[in-house]
Amino acid sequence: MKNLVFLLTLCLSVHVLAQKPYLKTTGNTTQLMVDGQPFLIRGGELGNSTASTIENMKPVWEKLTAMNLNTVLIPIYWELIEPKEGEFDFKLVNDLILEARQHDLKVVPLWFGSWKNSMSSHAPSWVKLDQERFPRVKDDRGQSQEILSPFSQEVLEADKKAFVALMEFIKRIDEEENTVIMVQVENEIGMLPSARDHQALAQKAFEKNVPKGLTEYLKKNQEVLVPEFASVWKANGAKTWGNWEEIFGANVYTDESFMAYYYSVFTNDITAAGKAVYDLPMYVNAALNRTGREPGEYPSAGPLPHLMDVWKAGGTAIDFLSPDFYNPDFKHWCDLYARQHNPLFVPEHGFDETVAAKALYLFGHYQGLGFSPFHIEKKDTPEEEDLGKAYTLVENISHLIHQKNGTSQLDGVLLSKAIPGTKLRMGDYLLHCKNDYTLSWTPGARTNDWPLGGAIIIQTAPNEFFVSGTGVVVTFEHVADKNLNVGLLKVDEGSFDAAQNWVVKRHLNGDQTHQGRHVSIPTGSFQTQRVELYTYK
């Protein structure tokens, strides 16, 4: 009997360990679950061609671990896995997954299938050369572009077949290991240089009535549509029957919405087919548009925030939409993507001096799934990068982040020259958070070059807080009783050990707290501080 109980326990344990990654939504927040536990992606995306051979990857792995990544985003190239139609070669994929596993890294494959940065550069040669079978889009002048048309059933079926084969292979070699935790389907889909496709298949679809998939979505969600899209629809009478121009009007915004819907339907078919064989979380990403540019002047019709409703209507199997950042207004775009219960994941951000503070802000304020700078392997001294220091903080306090996920006891700040301060309400306290350079004695404070400050702030008890970040100063105000002054009873710099016990590195007072006036983490330093407050009259 004891042996039977042991075997049953062992089987249950194996089952838990082998549970595939999934998204868990509680209230308004979503967590990525890996091996049954919440998982924050401390990521980095490889350069487009870096993983095209395993030989080229040899010096890369140690760079990734030196920055304390736990996940690498790796392009998977359609042209390399199916060089001849119907003949698949997954040796490179196999080797990349095995190498990642050996370096204790998770993998998010980026499917470079029909589209990569709008173009069809990674389609196999047998697709590129057969233009009658696999038609290109045509712009408003009738000129063919290096972009496969989403209106072609042949293109769809060829892409789908390859993606399904990829997911079948990943399941076969990784189902019990969970090295692969999520998948990006296509890459930065978008239409250029006009707002929509004008070739024959596309024109036929444009002249038909708007599909019920979109009109029914409009009826059901008319009160909660994102305002940018709602205004376009309502400006023409908020109609729910007719062709594209009858419902939305004759303009480039209609052209973009039309194209977005069919891009989403195409990508949804790919996603659903992949999930049918191995149901991992799957998302799409977008190249952000620039202020003042019209559809056709940027990669139009991709999973952009003003088209979120169109993509949700056509992309029911797609788990979420993600922004790729080469745009300085991080908070603005994150706010747009965090609407409609869309989990926030930043799969690509230019690898610049701002990424460490932004990663902290994403995990704290947005309670995001993860962050991932692009061309992560390009740094010569990765062990010195601020990103790695920020990721070390996130790793160390991740248990607190998970505990407070979905509550007002977890937040974050991002502080700059333009926005030097902000306020957070947490419990009975109002936290006044400022960039370290607001202190007049900070070196460089009088210059225009202010590094970003960023921090995760967690309230763990009525009078206890953890502040984890860089370049931030925090003071506390009691909001329940204005007659009470707030003092710093105890401030310690430290970290959690493997058993999640707090270990003090330094007891802070004197100059480090400005004689008890504030909590301070200087620019260039990455720390976690435990703060205990008290009140006095």
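The values are calculated or read from the model by the stated rules, or taken from the named source; none is laboratory data. The structure presented is a predicted model; accordingly, all values stated were derived computationally and were not measured. Neighbour counts run over all protein chains shown; Cβ positions are idealised from the backbone, glycine included. In case anyone asks, the SASA skips ligands and DNA or RNA and just uses the protein heavy atoms, side chains included. Shrake-Rupley method; radii C 1.70, N 1.55, O 1.52, S 1.80 Å.
Scanning segment 116-138 for residues that are more than 16 Å from E188 (Cα to Cα), under 31 Å from the mean Cα position of the chain (by Cα) and assigned to a loop (DSSP other than H, G, I, E, B) returns a single hit, P124.
Which of the residues spanning segment 254-303 are among the aliphatic types (A, V, I, L, M) and within 17 Å of K116 (Cβ to Cβ)? Before you say what the answer is, go through the steps one by one.
Let us first name the residues in segment 254-303 that are among the aliphatic types (A, V, I, L, M), namely 259-260, 265, 270, 272-273, 276-277, 280, 282, 284, 286-288, 301.
Once the filter is applied, which keeps residues that are among the aliphatic types (A, V, I, L, M) and within 17 Å of K116 (Cβ to Cβ), segment 254-303 yields I270, M282, V284, A286, A287, L288, A301.
Between I147, I189, which is open to solvent by less than 20 Å² (accessible area, probe 1.4 Å), in contact with a strand residue (DSSP E or B) (Cβ under 8 Å, 6 or more places away or on another chain) and under 22 Å from N251 (Cα atoms)?
Working: I147 fails: under 22 Å from N251 (Cα atoms).
That would be I189, the only listed residue that is open to solvent by less than 20 Å² (accessible area, probe 1.4 Å), in contact with a strand residue (DSSP E or B) (Cβ under 8 Å, 6 or more places away or on another chain) and under 22 Å from N251 (Cα atoms).
Scanning segment 314-350 for residues that are open to solvent by 10 Å² or more (accessible area, probe 1.4 Å), in contact (Cβ under 8 Å) with a residue 12 or more places away in the chain and under 16 Å from E228 (Cα atoms) yields W333, L336, A338, R339, Q340.
Does T179 satisfy the condition of being open to solvent by less than 40 Å² (accessible area, probe 1.4 Å) and either farther than 19 Å from F112 by Cβ or without any contact (Cβ under 8 Å) to a residue 24 or more places away in the chain (or both)? Criteria met by T179. Here is the figure for segment 351-390: residues that are in a loop (DSSP other than H, G, I, E, B) and either surrounded by fewer than 21 Cβ atoms within 10 Å (Cβ to Cβ) or among the hydroxyl-bearing types (S, T, Y) (or both) total 9. Residues in segment 484-537 that are among the polar types (S, T, N, Q), open to solvent by 60 Å² or more (accessible area, probe 1.4 Å) and assigned to a loop (DSSP other than H, G, I, E, B): 4 in all. Checking each residue in segment 38-49 for being open to solvent by less than 20 Å² (accessible area, probe 1.4 Å) and farther than 19 Å from D104 by Cβ picks out only G47. A residue that is over 19 Å from A165 (Cβ atoms), touching a residue at least 12 places away in the same chain (Cβ under 8 Å) and open to solvent by 10 Å² or more (accessible area, probe 1.4 Å) can be found somewhere in segment 76-99. Residue check: L69 meets all listed conditions (1) more than 23 Å from the chain's Cα centre (by Cα); (2) crowded, with 20+ Cβ neighbours inside 10 Å; (3) more than 22 Å from E186 (Cβ to Cβ); (4) of a type in the set (A, V, I, L, M, F, W, C) but one, namely (1).
Kindly indicate the residue of segment 221-265 that is among the acidic types (D, E) and part of a helix (DSSP H, G or I) and also nearest to V310 (Cα to Cα) among those meeting that condition.
Within segment 221-265, the subset among the acidic types (D, E) is 223, 228, 245-246, 255-256.
This time we only want the ones that are part of a helix (DSSP H, G or I), so: 228, 245-246, 255-256.
Working: E228: 12, E245: 16, E246: 17, D255: 12, E256: 10 Å.
Looking at residues that are among the acidic types (D, E) and part of a helix (DSSP H, G or I), I get E256.
In segment 164-187, is there at least one residue being at negative phi, among the hydroxyl-bearing types (S, T, Y) and more than 23 Å from the chain's Cα centre (by Cα)? No, segment 164-187 contains no residue that is at negative phi, among the hydroxyl-bearing types (S, T, Y) and more than 23 Å from the chain's Cα centre (by Cα).
Out of curiosity, is T422 modelled with pLDDT of 95 or more, open to solvent by 40 Å² or more (accessible area, probe 1.4 Å), hydroxyl-bearing (S, T, Y) and farther than 21 Å from Q512 by Cα? Reasoning before the result, please.
Working: modelled with pLDDT of 95 or more: yes; open to solvent by 40 Å² or more (accessible area, probe 1.4 Å): yes; hydroxyl-bearing (S, T, Y): yes; farther than 21 Å from Q512 by Cα: yes.
Taking the combined requirement at face value, the residue satisfies it.
Taking segment 217-236 as the search range and keeping residues that are surrounded by 12 or more Cβ atoms within 10 Å (Cβ to Cβ) and among the β-branched types (V, I, T), which one is farthest from Y253 (Cα to Cα)? Before the answer, list the steps.
Going through segment 217-236, the residues surrounded by 12 or more Cβ atoms within 10 Å (Cβ to Cβ) turn out to be 217-218, 221-222, 225-226, 228-236.
Okay, now just the ones that are also among the β-branched types (V, I, T), so 226, 232.
Numbers: V226: 15, V232: 8 Å.
Of everything passing the filter in segment 217-236, V226 is farthest from Y253 (Cα to Cα).
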